[in-house]
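The values are calculated or read from the model by the stated rules, or taken from the named source; none is laboratory data. Since this is a predicted model, take the numbers as computed values, not measurements. Here the Cβ positions follow ideal geometry from the backbone for every residue, glycine too, while neighbour counts run over all protein chains shown.
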Amino acid sequence: MVGEWRKYDWMTAPEPDLIDQPYFHDLGYCFPAVPVIQTASTPDNPQNSVFAGYTLFQDAWGKPVGTVCMYLGLAWLFHNFHLVAIHGTRYTDNHLTARFTKKFGFKECGRIEHYMQREVGKPLVGAVVSTLTRTDFIALTRQVLSNVAEESTDGRVE
């Protein structure tokens, strides 16, 4: 589960005593979609890979917090399962997922025709397979954090 810490206010507190108390607000989740492909992997020498999925809830759509949650979820997957790569599939016409996952370094590997079911009883549809390597994710994350550090030192707010 990914999300953010919030404080209860008079509208959200389940009990009056909880007003101004922190709680974790779920904004989405990520998960291995199949068992992790395991090798002789260690934290210092990650060699595993997995097909993974994600969901962001509506109150994170198109907001910076959704991007932060995705970075945190991907970092958790890489770390927790000692992954060298994360793979994903999407419908060929799911351009929103294509654009969103590309921001994190996923690269399209190819298409598989007649692979995913969109509707029960209907023909299978095509899919696009993408991969994010640990090396690419680390490099991109360092660049993003470097940009944030520069912005915080020069006074700009974006």
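Scanning segment 1-28 for residues that are among the acidic types (Asp, Glu) and in contact (Cβ under 8 Å) with a residue 24 or more places away in the chain returns 4, 26. What about residue 32, is it over 28 Å from residue 136 (Cβ atoms) and at pLDDT 90 or above? No, not satisfied.
The set of residues in segment 46-63 being over 13 Å from the mean Cα position of the chain (by Cα) and closer than 24 Å to residue 145 by Cβ consists of 46, 62, 63.
Filtering segment 57-77 to residues that are without any contact (Cβ under 8 Å) to a residue 12 or more places away in the chain and over 22 Å from residue 136 (Cα atoms) leaves 58, 61, 62, 63.
Results for (1) among the small types (Gly, Ala, Ser); (2) in contact (Cβ under 8 Å) with a residue 24 or more places away in the chain; (3) surrounded by 15 or more Cβ atoms within 10 Å (Cβ to Cβ), shown as yes or no for each residue.
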residue: 108; (1), (2), (3): no, no, no
residue: 122; (1), (2), (3): no, no, no
residue: 127; (1), (2), (3): yes, yes, yes
residue: 131; (1), (2), (3): no, yes, yes
residue: 151; (1), (2), (3): no, no, no
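Quick one: would you say residue 88 is in a strand (DSSP E or B), at pLDDT 95 or above and surrounded by 18 or more Cβ atoms within 10 Å (Cβ to Cβ)? Yes: the conditions hold for residue 88. Of all residues in segment 53-72, those satisfying the criterion of being surrounded by fewer than 16 Cβ atoms within 10 Å (Cβ to Cβ) and among the aromatic types (Phe, Trp, Tyr) are 57, 61. Annotation: of all residues in segment 99-158 being charged (D, E, K, R) and in a helix (DSSP H, G or I), the one that is farthest from residue 78 (Cα to Cα) is 154. Looking at (1) among the β-branched types (Val, Ile, Thr); (2) out of contact with any Asp or Glu (no Cβ under 8 Å at 6 or more places or on another chain); (3) part of a helix (DSSP H, G or I), which is the one condition that is false for residue 65? That leaves (2) as the condition not met. The set of residues in segment 14-41 being out of contact with any Phe, Trp or Tyr (no Cβ under 6 Å at 6 or more places or on another chain), of a type in the set (A, V, I, L, M) and outside any strand (DSSP E or B) consists of 40 alone.
Does residue 112 qualify as being under 22 Å from residue 2 (Cβ atoms) and at pLDDT 95 or above? So residue 112 does not fit the description; no. Is segment 143-156 home to any residue that is within 18 Å of residue 36 (Cα to Cα) and either among the polar types (S, T, N, Q) or within 22 Å of the chain's Cα centre (by Cα) (or both)? Scanning segment 143-156 turns up no residue that is within 18 Å of residue 36 (Cα to Cα) and either among the polar types (S, T, N, Q) or within 22 Å of the chain's Cα centre (by Cα) (or both). Exactly one residue out of 59, 93 is of a type in the set (Asp, Glu) and in contact with a helix residue (DSSP H, G or I) (Cβ under 9 Å, 6 or more places away or on another chain), and it is 59.
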